Amino acid sequence: MALQKPYWQVLERKILYESKWINLYLDTVRLPDGSIIHHHVLDYQKQAAGIVVIDAEKRILLVKVYRFINNLESWEIPSGGVNVRGEESVQDGVMRELEEETGYHVKDVKQLGKYYPSNGMSTEIHNVFVGLRPFKAHEQYETNEIMDVQWFAADEVLAMIKGGVILDGFTIAAVLMAKEFGYV
């Protein structure tokens with residue numbers, strides 16, 4: 001919930017870097033006790049949307065991606081950036097990402113929620129969806145980004161989370177939200 005009067009007061013914002021994806025600012029901030037600090041802020045230009053796709057057998061669709069920043073292969077839910085400042089709704093964006101990354105569509109889609117994955121330093125928002133009654137629209141998927149597309153039993157995905165195989169925070173949060181809402 002946003003406060004009417006900010007608890008921390010931004011006195012100055014310096015632009016350190018700007019792009020179509022992310023901006024980096026250095027804010028000068030007055031704290032409630034009157035002290036002044038400098039704080040880095042990551043301002044994301046897009047929101048993220050991810051979808052936990054569940055079939056009739058209670059299997060979850062995951063994509064394998066290579067994350068060069070951490071030099072690892074990662075099983076994740078289909079997800080990506082959504083240009084909510086433009087013409088695209090979050091739901092339209094997650095459906096686009098699902099098709100691009102897997103070749104699948106779903107007949108039923110519902111937003112489970114959204115959250116800030118790092119709200120102490122970033123404006124990034126993760127929107128979590130569940131998709132039911134999936135069907136294959138085509139065999140192609142984005143091979144520059146996606147290494148593999150596979151179905152996993154829900155219990156296996158939960159074990160991969162518990163065992164530290166799945167390390168992607170978006171995937172962990174989304175799968176656990178789907179479980180909490182009774183979809184898994």
If one builds a Gaussian network model of the chain from Cα atoms under 10 Å apart, the most fluctuating residue listed among Ala173, Ala48, Ala137 is Ala137
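Can you give the helix-only mean residue ellipticity at 222 nm for the chain, where every DSSP H stretch with n ≥ 4 adds -39500 (n - 2.57) and the sum goes over all residues, rounded to the nearest 500 deg cm²/dmol?
Taking each H run of at least 4 residues, the total per residue is -5500 deg cm²/dmol.
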Burial-style ranking of 174-184, 65-75, average other-beta-carbon count within 10 Å with highest first, yields 174-184, 65-75
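Ranked from highest to lowest mean number of other Cβ atoms within 10 Å per residue, what is the order of the peptides 6-18, 160-172, 76-88?
76-88, 160-172, 6-18
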Got a sec to turn the phi values of the stretch 115-132 into Karplus ³J(HN,Hα) couplings, 6.51 cos²θ - 1.76 cosθ + 1.60 with θ = phi - 60°, whole Hz, x for Gly and Pro?
7, 9, x, 8, 6, x, 8, 9, 8, 4, 10, 9, 9, 10, 10, 10, x, 10
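Just so you know, all these numbers are worked out from the coordinates, no wet-lab data involved. None of these values were measured; they are calculated from a predicted model. So basically every Cβ, Gly included, is an ideal-geometry build from the backbone, and we count neighbours across all protein chains shown.
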